[in-house]
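One structure is given here, and the rest of the page talks about it.
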Amino acid sequence: MNYMPKQKDIINKRTIGNQYEEMAKSYLLEQGYSIICQNFRSRFGEIDIIAWDHEYIVFIEVKYRKTKKFGYPREAVTYQKRRHILRTAQYFLLTQIGKELSCRFDVIEILGNQLTHLKAAF
């Protein structure tokens, strides 16, 4: 039997996701990052946060889980998800920056209220 999420379930997940992306954004600002944009979308996918960290442009995926019952949040950044992020990052650099730059791909995982920043995660 296929489960079709109700519209309110989708809205609630997006609201929760936005809250934790804001938590990650606040953390990054405290660490001295400059936020370029949030929720950059292309036909290839979405990147949660794009920021400058000194000489690097950093593409950041934010993942939240309430508990480890279904694994660590970082485990949800699958090979396919990484491919979408990489393609979206290439598109961003081409269309918004106009050139290739030194870049890095990070994951910020939030497990309960514990934030972990995984630099150069992939």
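The values are calculated or read from the model by the stated rules, or taken from the named source; none is laboratory data. Only a predicted model underlies this, so the values are computations on that prediction, with no experimental measurement involved. Don't worry about glycine lacking a Cβ; one is built from the backbone with ideal geometry, like all the others, and counts go over all protein chains shown. These area figures cover heavy atoms from the full protein model, side chains too; ligands, DNA and RNA do not enter into them. Shrake-Rupley method; radii C 1.70, N 1.55, O 1.52, S 1.80 Å.
For the reader, a short list of remarks on this structure follows.
- Percent accessible area from carbon and sulfur atoms, the range 12-122, protein chains only, probe 1.4 Å: 48
- The longest stretch of the chain left intact once loop-based GluC sites (Glu not before Pro) with at most 14 other Cβ atoms within 10 Å are removed from consideration, loops following DSSP, is 1-54.
- Among Ile16, Ala51, Phe40 the positive-end extreme of the charge dipole of the chain (Cβ point charges): Ile16
- Couplings 3J(HN,Hα) for the range 31-47, derived from phi with the Karplus relation 6.51 cos²θ - 1.76 cosθ + 1.60 (θ = phi - 60°), are 7, x, 6, 10, 7, 8, 6, 10, 6, 6, 10, 9, 5, 8, x, 9, 10 Hz, where x marks Gly and Pro.
- Couplings 3J(HN,Hα) for the range 102-111, derived from phi with the Karplus relation 6.51 cos²θ - 1.76 cosθ + 1.60 (θ = phi - 60°), are 5, 9, 9, 10, 10, 10, 10, 9, 10, 10 Hz, where x marks Gly and Pro.
- For the range 10-96, applying the loop criterion from DSSP together with a ceiling of 10 other beta carbons within 10 Å to the trypsin sites (Lys or Arg not before Pro) yields Arg43, Lys69.
- Diffusion coefficient, µm² s⁻¹, Stokes-Einstein with Kirkwood Rh over alpha-carbon pairs of the range 16-122 at 20 °C and 1.002 mPa s: 154
- Å² per residue, accessible surface of the range 62-116 at 1.4 Å: 66
- Cβ-based net charge around Gln114, under 14 Å, with every Lys or Arg adding one and every Asp or Glu removing one: +4
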